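Have a look at the structure below before the remarks.
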Amino acid sequence: MPDVRFLCEIPDGADVIGCAIPPYYHRGRPWKPQILAKTMEQVVRDTDGLTDTVIHPQIAAMLSDAYSGRWIPRKSTLMIMARHLTKQYAAAGIRRSGEAAVLLGEAADMDWQMEMTRELLQPYLPRINKLVIFYEETPETDSRMQMDRYTDEYYYDYGLVPQPEAYAAASGGDGYRCRKHRCEGVILDYSGQFRYPKIMPDSRAVYIDLSSEDEKERLLSRKTPQTLYVSPLKYLDTMVKNSYDRLVN
């Protein structure tokens, strides 16, 4: 059975533990999805007080669809990690620039994305004077009207008027891209695909990828290599690797 080890404590009173999964199991044989899932579930059952799990995409790829769907973290867990990342990496930039940009994902998920955005930005709203929110326009949903329920609160509470901006269709009709609104301060990205936000070369913006997609980090580094990329998964992955490296050394 893989070993579970305490790694650290993060704000909100959450303890983070790590469990390294080797690429092979008995006698060097590759994992079968059902055996790997059973092993992981046993680890969860044997770990007292464990409330949620986040698994690496490489582990998810070793599981079949029937098993990988069991390992989706709760939105409350994502909130804890995202709040910590925002405070640790983006707070100074938000206060310096007074700006934030939000890249919403699927229109069906707008409510929780807008609620999480408000929670993440709330400590910095007195200093923010520009908030751009990119969103998907769909024939089935009046996204602007749905968004108004949330954006009105920014005006009433802080005198801040968010700027909704619909994505432009990508060339060939394959997905969406951000329009030419300049992004600074912090960029909160909920989308599953990279939307190519406009980030100036001299900007010290922090890009927080809340969906933790490796491809977005690669594309961002190619487009604006000076932009700091962080994500909940990368944060946990680095923490786990560093902890196990210390144990080995």
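Normalised by residue number, the volume inside the convex hull of the Cα atoms of the chain is 160 Å³ per residue.
If each residue's Cβ is checked for other Cβ atoms within 10 Å, how do Tyr229, Tyr135, Tyr24 rank with the fewest at the top?
Values: Tyr229 19, Tyr135 23, Tyr24 9.
So the residues, fewest neighbours to most, are Tyr24, Tyr229, Tyr135.
Separation of the range 161-240 and the range 63-109, taken as the distance between their Cα centroids, equals 12 angstrom.
Here the range 1-132 has an Rg and Dmax of 18.7, 60 Å, counting Cα atoms alone. Cβ crowding within 10 Å ranks Tyr155, Tyr25 as Tyr155, Tyr25, fewest other Cβ atoms first.
Calculated mean residue ellipticity at 222 nm for the chain: -11500 deg cm²/dmol, from DSSP H runs with n ≥ 4 weighted as -39500 (n - 2.57), summed, divided by the residue count and rounded to 500.
Report D for the range 104-201 in µm² per second (integer): Stokes-Einstein, Kirkwood Rh on Cα pairs, 37 °C, 0.692 mPa s.
Details: Rh = 14.1 Å.
After rounding, the answer is 232 µm²/s.
Taking other C-beta atoms within 10 Å as the exposure proxy, Phe194, Phe134 rank Phe194, Phe134 from fewest upward. Along the axis of the charge dipole computed for the chain (Cβ charges of +1 for Lys and Arg, -1 for Asp and Glu, origin at the Cα centre), the listed residues Leu36, Ile199, Thr77 are led at the positive end by Ile199.
About its Cα centre, the dipole of the chain is roughly 940 debye, where the only charges are +1 on Lys and Arg Cβ and -1 on Asp and Glu Cβ. For the range 14-88, treating each Cα as an identical point scatterer without solvent, what Debye log10 I(q)/I(0) comes out at q = 0.11 1/Å? Log-scaled intensity ratios, in q order: -0.33.
Read-outs: derived from the displayed coordinates by stated rules, not from any lab. Bear in mind that the values here come from a model prediction, so they are computed numbers and not experimental data. With ideal geometry, Cβ positions are generated from the backbone for all residues, glycine too; neighbour counts draw on all protein chains shown.
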